[in-house]
Each structure stands twice: as C-alpha cells, then as structure tokens.
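Asker: Following this message is one structure expressed as structure tokens.
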Amino acid sequence: MRWILRFLWAVLALLVALAAALWVYSRQVLPQQDGRLTMAGLQGEVRIERDADGIPSIHAGNLADLMFGLGVVHAQDRLWQLETHKRIGSGRLAEGFGLGALETDRFLRALGVRRAAQAQWEQTKGESRAALSAYARGINTYVRNHMKARPPEFMLLGLQPQEWSEIDSLAWGIMMAWDLGGNWGTELQRLRLALKMPVARVNQLIPPYPGDTYPPTADYAQLFQSLNLRPSTKSAWNRLPDIAPESGVEGVGSNNWVLAGSRTTTGKPLLANDPHLKLSAPALWYFVRLVAPGIKVAGASMPGLPTVVLGQNEHIAWGFTNTGPDVQDLYIERIKPDDPAQYQTPAGWAQFETSSEKIAVKGQPDVTITVRRTRHGPVISDAGGHEDVLGAKGRPAYALAMRWTALDPDGDTVATGLAFNRATSVQAFVDASAGWIAPMQNMVVADRAGRIGFVAPGRVPLRRPDNDLHGLVPAPGWEARYDWAGWVPVNETPREFDPERGYI
C-alpha cells in the first residue's frame, strides 16, 4: 500500500508540474501588449495600441517604421500563418508536413512561384522596396529577439520559424493571384475530354458563362488526335488538376456595392464589400489601423503583405471582388525527337531553360527534380517528373507550358497598394490602379466629395485574330498565331463613374 501511495503521489506531482508548465507556456506564447520594447532597426518610436477587439492601431513617424510595426503585429498574432504562406510560396510544405505534401511542392516548384518573386524583387525599387524590407525586418526582429515561446503549431510539428524575406511577400502575392484565377484547369479538362468526344459534346459538359456563347473554334478534338496526344493515366497531364493547389474559383462569387449620396439618408456615399475567400482559422484577413505622416488608413491587411488591401482612409473607401479574366494559357511544346533538351518555336528549335530543385521531405530522403521553362513560361508537366507525352519509340514528344500574367517580372503590387492607401479621391484611386497587374479585381470606390466609381484593373492578354482556339484549350506552342499579341490598354478595362441610377 505504501508503494501504491508513493506512486499516486508521484503521478499527482507530475500532473501538477505539467499543468504548471502548460500555464507558464500559455502565458509566454501570448504576444506582449503592454510596456516598452527596444527593437533594432527602427528610426524612431512606434506606438501600437489595441482596442477592445484586439485590433491594433500602429503609429509611426515614417513609412518604414510603420511597416516594421505591421510586421511585428503580424508576427505576434499570425506567425504560423506567415510560416505556411512562406512554405506555400517557396514549395517547402513537405519539409514540415511530410510525404503527403510532396506533390504540391513539385507543382509549386515547376510553376516557379519563388523564381518569379525573385525576378520581381530585382525590379522593385523605391518606396515599395523599402516597405517590403522594413516589413520583413519587423517580423524577423520580433521572432529573433522578442518571441518568448514558439506557438503551439511549431511545437507540435517540431519546426522553427523561418526567416521572412521580401521575396516571401512577393511570392504570397503571386499565390493570391493563383487562388483567384484558375481557368488553366478548364483548358486542360477540355483537352482530356476532346481525346474522347467531339467539341460540341465538350461544350455541353463545360458550358459557357451564363449569357455568353463560345466563339467559333477550330476542331481542337481533331487537332489533339492528329498530334497523337495520348497521355498515359500516370502522366502529369492527367494528374495535374488533382495535384495542383485548388483555386476554388468555379461557381464562387463575391459582391461589393457603392451607393451615391442620392441613395442614402446622410447624403454621403455608402460602400460595402463582401469578398468570398475561403473560410479558415485564423481568417485570411487581419484588421489593422496604420497612421504615419501622409497615411492614415484602416481595414483588412493580409499577413505577408505590407499594405491594407481593403479599407478606408480619411478621404475614400474601397473594396474588391474577383473579375476572373482569362489570363492563363497552356501551350503544348513539341520536343525535338533526337534531342529532348530542345523544343520547337516558330523560329526553329530552342533550348529549354532548366534548373534543379531539391525538395526536403520530413522523415524521408530529399527529392531532386529538374524543372524547365520555355519562351511561354514554366513547364508545368514537370510537376510529374518529366512525364511528357511519349511519341514514337517511347521518346518524349510533348511538354505542357503555361503563360500567366502574374509571373511577369515587372509587377509591383505593393507600390499600387500603398497608392491606394494614400488616395484622396476616386480619380486618384483610379489613377493608382493603372499599376495593378494581377489578380484582376472589380474595385469599387467612394470619396468624401460624393463621387462613386468602379474600375477593373489588371493585365489582360490580347489574342490575335487568327488565334482560332481563343485560349479555350492548350495551343500548339510552335505556331506564332497562338502567342499573346499584347494587352488590353490600361484605360480600356471596365469602369464606370457616378451613374445616374445612383449605385454600382
């Protein structure tokens, strides 16, 4: 009996010690919300005040310190979310989650999200470059020097928070464009169906948008059959829609609206925005107020990005919904029969750009893949490990490449976002929107002077008159007529201002 009592007392002591440790941990892991912190990298004092709902107001003497403070609160409250955003943008999910995430990493590496973000960073200049750097410093300074305990997600998976970089922010911007533009999967689905049935039947299975009709197209079923496109069931061509990150665009809508003063009891405009993004815990959005000389803005920020994406300042309010234009085209690239390192172009044979990617997999050996690029963009069929369509004698015959506006290197979404945050009128907001590339959005805006407006900015490709496939299905990459012929002019995208009906 004495030994049983000792054992029970030992178990009780262990439980008490464990409960005490958990209590201490629960206090340590919470963000510090009172007192003073001395942080390297600031030019002056930053004041962070949280209201009764926990929403922070950040006050700073300049833009750099303001974005540093935004990085701090994002790291305090959403560090695990930042970690997942970083791993998605760089194709490093398997490193934390194991073998089940490997195929997603393969696709993200083949798509080249981080390579595109690196190219965009090299062209980013001025204020947006400084804002991205200050934001990254805020995250990293907090994690390195002021975080007392790792959040529980890190503890459970045995992970350490990774250093945040400016490229991670740009990569997450690309991934948001990916989440809001998924027509490439429909192109590939049409190809797969056309190998089994005529085009008219495909159009019944994938009908046009309500109220629209499909333009007359070439008989792409006959085209694909003449190319002998018969990918095996194991081919990446057949597996890509299953392994690619889900876009969730089809059948999903958002709404925003703006009323003129003639429609409201106050005589002032009224704007509302309901962006239907996926439900998650925590939410994708993070409410914040930002105050510094020349900027006073409040609304929904997004962990990973140094701007308020949707919101209001002293002069205007604005909101977004998704436009969903066709800004992704797939290309069938013909591989040279006697040299798989080359593919056919209108000017002859050209070398694939190739690079090697090493993917770390938790609990497994590293996996190395080779990814390729053509003049159109990344070879996404490399997500399956060079599972090209095979031709005569089992040689690689065709690869599948993607052209997508969001991968262009000259985008600077942060500069445009900062201009939105500072805009003083509907016209100033619309002028700023000229720099927006992807994702194309339906933006409504109202100002204190009583004006209301709508603009849908973004880079939308023009297709040549002799492009008889119209971007509906993957096109032969060796025919110049299927190349993009430029962009819809910036001032010709949809827009409307102060309509007589008093609302948009």
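The values are calculated or read from the model by the stated rules, or taken from the named source; none is laboratory data. On a predicted model such as this, the values are computed, not experimentally measured, just so you know. Cβ sites come from the backbone with ideal geometry, for glycine too, and all protein chains shown count toward neighbours. Protein only, heavy atoms only, side chains kept; ligands, DNA and RNA dropped before computing areas. Shrake-Rupley method; radii C 1.70, N 1.55, O 1.52, S 1.80 Å.
Asker: Per the Kirkwood treatment, what hydrodynamic radius in Å, one decimal, follows for segment 258-345 from the mean inverse distance over all distinct Cα pairs?
Answerer: By the Kirkwood definition, the hydrodynamic radius is 17.5 Å.
Asker: Relative to the Cα centre, what is the charge dipole magnitude of the chain, using +1 at the beta carbon of each Lys and Arg, -1 at the beta carbon of each Asp and Glu, and rounding to the nearest 20 debye?
Answerer: About 1200 debye.
Asker: At a Förster distance of 35 Å, what's the computed FRET efficiency of Glu127 paired with Arg495, Cβ-Cβ distance as r, to 0.05?
Answerer: 0.85
Asker: Quick one: compute the contact order of the chain, relative version, from alpha carbon pairs under 8 angstrom and 6+ residues apart, as a percent.
Answerer: Across the chain, relative contact order equals 18 percent.
Asker: Taking the convex hull of the alpha carbon atoms in segment 418-504, what volume per residue do you get, in Å³?
Answerer: Roughly 119 Å³ of hull volume per residue.
Asker: Anything over 31 Å Cα to Cα? Flag those among Lys86/Lys296; Lys268/Lys296; Lys125/Lys336; Lys196/Lys336, in the order listed.
Answerer: Exceeds cut-off: Lys125/Lys336.
Asker: Averaging sequence separations of C-alpha pairs under 8 Å and six or more residues apart, then dividing by the length of segment 257-416, give the relative contact order as a whole percent.
Answerer: 15 percent
Asker: With the other protein chains left in place, how much accessible area per residue, in square angstrom, belongs to segment 145-192 at a 1.4 angstrom probe?
Answerer: 38 Å²
Asker: Report the Rg/Rh value for segment 1-145, based on alpha-carbon coordinates and the Kirkwood definition of Rh.
Answerer: 1.16
Asker: Sticking with this one: Taking N as the number of residues in segment 1-67, what is its alpha-carbon radius of gyration divided by 2.2 N^0.38 Å?
Answerer: Computed over Cα atoms of segment 1-67, the ratio equals 2.04.
Asker: Over the alpha carbons of segment 33-72, what is the largest minus smallest coordinate on each principal axis, giving the biggest first in Å?
Answerer: Rounded to whole Å, the extents work out to 29, 19, 15 Å.
Asker: For segment 92-133, what percent of Cα pairs sit more than 16 Å apart?
Answerer: Cα-Cα pairs of segment 92-133 separated by over 16 Å account for 52 percent.
Asker: Tell me the Kirkwood radius of segment 431-475: reciprocal of the mean inverse pair distance over distinct alpha-carbon atoms, in Å.
Answerer: Radius from the Kirkwood sum: 13.2 Å.
Asker: Could you check how much of the accessible area of the chain is carbon and sulfur, as a whole percent, using a 1.4 Å probe?
Answerer: Here carbon and sulfur together make up 55 percent of the probe-accessible area.
Asker: Within segment 445-504, report the GluC sites (Glu not before Pro) that DSSP leaves as loop and that have at most 12 other Cβ atoms within 10 Å.
Answerer: Listed in order of number, the matching sites are Glu500.
Asker: When the solvent-accessible surface of protein heavy atoms is calculated with a 1.4 angstrom probe, in what order do Val455, Val460, Val11 fall, highest first?
Answerer: Correct descending sequence by accessible area is Val11, Val460, Val455.
Asker: Putting +1 on Lys and Arg Cβ atoms and -1 on Asp and Glu Cβ atoms, find which of Leu12, Leu66, Gln43 reaches farthest to the positive end of the dipole of segment 1-83.
Answerer: The Cα lying farthest towards the positive end belongs to Leu12.
Asker: Another one. Convert 37 °C to kelvin, take the viscosity as 0.692 mPa s, use the Kirkwood radius over C-alpha pairs of segment 49-131 as Rh, and evaluate the Stokes-Einstein diffusion coefficient in µm²/s, rounded to a whole number.
Answerer: It diffuses with D of about 216 µm²/s by this estimate.
Asker: Can you tell me how much longer the chain between Trp23 and Arg375 gets when fully stretched, taken as 0.36 nm per residue apart minus their C-alpha distance, in nm with one decimal?
Answerer: Length gained, Trp23 through Arg375: 121.0 nm.
Asker: Let me ask you something else. Filter the chain for me: DSSP H helices, axial length by Cα at least 27 angstrom, mean Kyte-Doolittle hydropathy not below 1.0. List them by residue number.
Answerer: The qualifying helices are 2-28.
Asker: Set Lys and Arg Cβ to +1 and Asp and Glu Cβ to -1, take the dipole of the chain about its Cα centre, and tell me which of Thr186, Tyr214, Gly54 lies farthest positive.
Answerer: The one lying farthest along the dipole's positive direction is Gly54.
Asker: If I take all pairs of Cα atoms in the chain, what percentage of them are more than 31 Å from each other?
Answerer: For the chain, the share of Cα pairs beyond 31 Å comes to 52 percent.
Asker: Provide the descending list of Cα extents for segment 331-440 along its principal axes, expressed in whole angstroms.
Answerer: Principal axes ranked by extent give 65, 46, 17 Å for the Cα atoms.
Asker: Could you tally the net charge around Asn313, taking each other residue with its Cβ under 12 Å from the Cβ of Asn313, Lys/Arg +1 and Asp/Glu -1?
Answerer: Spelling it out: positives minus negatives among the neighbours equals +2.
Asker: If the cut-off is a Cα-Cα distance under 12 Å, which aspartates and glutamates reach Lys362, setting aside same-chain residues fewer than 8 apart in sequence?
Answerer: Glu95
Asker: Take Lys336, Lys125 and sort them by solvent-accessible surface of the protein heavy atoms, 1.4 Å probe, largest at the top.
Answerer: If we order Lys336, Lys125 from most to least accessible, we get Lys125, Lys336.
Asker: On to the next question. Given segment 393-438, report the % of alpha carbon pairs whose separation exceeds 13 Å.
Answerer: When every Cα pair of segment 393-438 is considered, 64 percent fall beyond 13 Å.
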